[in-house]
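Values in this text are rule-based calculations from the coordinates and carry no lab data. Please read these numbers as outputs of a predicted model, since none were measured by experiment. Please note: Cβ atoms are built from the backbone with ideal geometry, for glycine as well, and neighbour counts cover all protein chains shown.
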Amino acid sequence: MKKSILFLFVALISLQLSAQNLLTGKVVNVDDDSPLAGATLFIPDLNKGTVTDENGLFTLKNLPYKNLRIVVSYVGFETLLRDFNANAFEKKQLILKLKPSVIRAQEVVITGSNSAFQHESAIKIDVIKKSDLLLMGTPNLMESLSSVPGVDMISKGTGVSKPLIRGLSMNDVLVLNDGVRIENYQFSENHPLGVDDNNLSKVEVVKGPASMLYGSDAIGGVLNFIKADPAPIGKIEGEYVGGLYSNTQGITNGLNIKSAGKHLFGGAGVNQKSHADYKQGGGDFTPNSRFNEWSANANIGYSGKISSFKLDYDYFGQKLGMCVPAVQSLITERGRKNKIWYQDLDHHQLSSKNILLLGRFKWETNVAFQSAYRKLRTIAVDPTVEMRLNTLTYESKLYLPSDRNSEYIFALQGLDQTNRNQHHRVSEFLPDADVNTLGALFLAQHTFFSKLKLLGGIRYDMYHTKSKSMGDEGTSTYHAPVSRDFHTVNGSVGMTYSLTDKIFIRSNLAKAYRVPNLSELTSNGLHGNRYEYGNNNLDPENAYEADLSLHYHSTYLSVDAAGFYNYINNYIYISPTGEQNTDGIAIYQFSQTNARLYGGELAFEYCLPFLQWLLVKGSYSSVTGKENGGNYLPFIPANKVKGKFVANFKRWGVLKCPSVWLGITSASHQNHPSLYETETAGYTLFDAGVNVQIKSFYKEINLALLATNIFDHKYIDHLSTLKALGYNNPGRNICLMLTIPFGK
């Protein structure tokens, strides 16, 4: 019997290996069937792609006889997502017709499932491309992402910022590096985002609970930083990106190169950023807001006939100045080099992604190891804090036989983590601890009558945290050992319904959870400007959210309106106890309450048919967060209105595709602070930019001149943690960005 099963398995593999084909075709403009030279075609499951020649023709070889999904993209045209079977086109061409795009077209997203269009997903996902991030004119990556309605940032200057989605932040928002959850002591507003934007294609933003897909820490939403695709077969491609920033006297340099052969592909990149203390609106500098970053990435992969494999390595090093009361009298001159009171961070990540195609089944296995090394340097020679967090994450997904109208997934996900203090430093804020998780999920989605798509899923998780005792029992710095086990069931159901070919609605009901993290359970020590005590009696947060959105998309107008209500049972927060330690520092402790958050977003893009060169964009976002007792929650952003006017032209002399834009951001008065915050005045900012392309050696060099806070307005955002120290947000900044692509 065993021999028979083995024979059948080997026969299946042999059939897949021998039954290969090539796909030929042409990419054309749907309006006049004119060929599109240089269009990009990419098959995600095989990590394989190509570009069309001068006649719009392409060829893809070594394809299996099975259904595959191909993504076709070309600048100025809507992206095309097409399912095909190479066997069906063995003796004829596949004609792919792209539609010109006047306003922003829907993007292909990969977060949570197979590649699909934004509008087809029952989960609300926003996309912002790397090219758009580069044109924001800010040295702060998180500030660039806050252009998405409903997304904001908690900032400590220009170097340290945390994402906030629909009023939730810290560990309530999950950050992924190409699908791998980032673990880098991301416990508070003092810790940075921890993502390198060098080898980046786009960022996908999930607004709302996503625990069903990712487990703990996704109550508020997800940021997934997607890496760039491999080079087309037979090509060598590269890119240099450089930037100069007047406000921080900043300079950035990034270089990436990649190539691909018949089966093997790979790439590498390096990146450097250096910024001095930023200038506030009005001209005063903010002491010790300087930061310096270094990063490197490398990848190698194999694209076979029924499988693909990719191995990625990422290094991210940061030295981030800490703007705390202790430095106000010590740093009297503006500088760039980190000397005292700074975070010294190193993060390494090694990850592998493997896809195996067997008949109508797809099996995806992803494993990643990351090591975060954290040192806090004050004025002493040796670090005050020194810790290492090692994390192993693993995921195995089995995609059952499906088609364009259906998808069924079984998955197992897990995490093994260790935190260890190093070299017995003066301050040991967190004890040595181990964390283990294991979750299983089933996800199904199906499209009915070509108009209604339903998605549902259920998930079960086990979570174990165990810490060791630390310090001398009976003293104020003693950490008692903690051992906690959590078990939880979560799920969601959502739908997308097309009322017409231009109007559709999306709705979701979801239960999500977050277990208390190591800091919330066990902390005992000085953290930033306060002394923090953990609470080992904390229970998991449980969120119950409902959201509804309406979308209208036509050739010249796009409108998206969304509303949500999120009730959180056992919401975890930190607040002052009213006491001080022996050094006169305020003592804070973690507690729990029930809370609710509600609000919505509105976004539109409009282009007049007779003025197609002029694009008008606008958005409005609002969120309210309250405890059940009526008190307002902390870190709730002010209501914000944003507008942007963009003029796109085909050519100015030798300049190709020039564009000019003017942006306006207006934040209302935040007069609903929490018990431990103060009100914050509203403000209005103006930004502008010009972007041009210059053709050189068959490649277009991109040059942009950008300005933020043009009038050097003096203001404080409600989410700035430097508000308590009396420091304003950054003033005027002039940025020059240069992008030079190269290759053959």
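Worth a mention:
- Between VAL616 and THR59, full extension at 0.36 nm per residue minus the direct alpha carbon distance yields a gain of 196.6 nm.
- Extension gain (nm, one decimal) between ALA724 and ILE95, 0.36 nm per residue minus Cα-Cα: 220.3 nm
- Separation of segment 464-542 and segment 678-716, taken as the distance between their Cα centroids, equals 37 angstrom.
- Assuming charge only on the beta carbon of Lys and Arg (+1) and of Asp and Glu (-1), the dipole of the chain about its Cα centre is about 2200 debye to the nearest 20.
- Cα gyration tensor shape for segment 388-428, rounded if a/c is under 1.5, else prolate or oblate: prolate
- Between SER666 and ALA380, the distance separating the two model label sites (each 7 Å from Cα on the Cα→Cβ line) works out to 5.2 nm.
- Relative contact order (percent, whole number), segment 323-440, Cα cutoff 8 Å, 6+ residue spacing: 19
- Residues ASP33 and ASN405, FRET efficiency given R0 of 25 Å [Cβ-Cβ distance, rounded to 0.05]: 0.30
- Helix 2-18 axis, angle to the chain major axis (alpha carbon atoms, nearest 10°): 70
- Relative compactness, segment 637-710, computed as alpha-carbon Rg over 2.2 N^0.38 Å: 1.65
- Under the Karplus curve 6.51 cos²θ - 1.76 cosθ + 1.60, θ = phi - 60°, whole-Hz ³J(HN,Hα) for segment 364-377, x wherever Gly or Pro sits: 10, 10, 10, 10, 9, 10, 9, 10, 9, 10, 10, 10, 10, 10
- 10 Å-binned pair-distance histogram of the chain (Cα, whole percent): 3, 13, 24, 27, 20, 9, 3, 0, 0
- Gyration tensor analysis over the Cα atoms of segment 595-641 returns equivalent ellipsoid semi-axes of 36, 8, 4 Å (largest first, whole Å).
- Since only ASN631, PRO35, GLY208 are under comparison, the one whose Cα sits farthest along the positive direction of the charge dipole of the chain, derived from C-beta charges on Lys, Arg, Asp and Glu, is PRO35.
- Label reach from THR365 (point 7 Å along Cα→C-beta): in segment 259-301, amide nitrogens under 18 Å belong to 301.
- Only helices enter the 222 nm calculation for the chain: every DSSP H run of n ≥ 4 contributes -39,500 (n - 2.57), and dividing by all residues gives -1000 deg cm²/dmol, rounded to 500.
- The listed peptides 55-61, 608-614, ordered by packing as a protection proxy, come out as 55-61, 608-614 (highest mean of other Cβ atoms within 10 Å first).
- Separation of alpha-carbon centers, segment 297-321 and segment 375-413, rounded to whole Å: 14
- Inter-label distance, nm, simple model (7 Å from Cα along the C-beta direction), SER201/SER554: 3.3
- Overall, the anisotropy analysis places segment 195-258 in the oblate class: the square-rooted eigenvalues a ≥ b ≥ c of its C-alpha gyration tensor yield a/c not less than 1.5, with a/b not exceeding b/c.
- Alpha carbon convex hull of segment 549-679, volume per residue in cubic angstrom: 165
- Whether segment 363-448 is rounded, prolate or oblate, judged on the alpha carbon gyration tensor where a/c under 1.5 counts as rounded: prolate
- Lys/Arg +1, Asp/Glu -1 at C-beta; the chain dipole; positive extreme among ASN224, PHE604, HIS263: HIS263
- Computed from the C-beta positions of LEU705 and ARG336 and an R0 of 41 Å, the FRET efficiency is 0.95 to the nearest 0.05.
- Structural descriptor for the chain: relative contact order 10 percent, calculated from alpha carbon pairs under 8 angstrom and at least 6 residues apart.
- Pairwise label distance in nanometres, SER396 with ARG420, each label 7 Å out on the Cα-Cβ vector: 2.8
- Extension gain for HIS348-LEU736 works out to 136.6 nm (0.36 nm per residue, less the C-alpha to C-alpha distance).
- Bridge type composition, the chain - antiparallel percent by DSSP, nearest 5: 95
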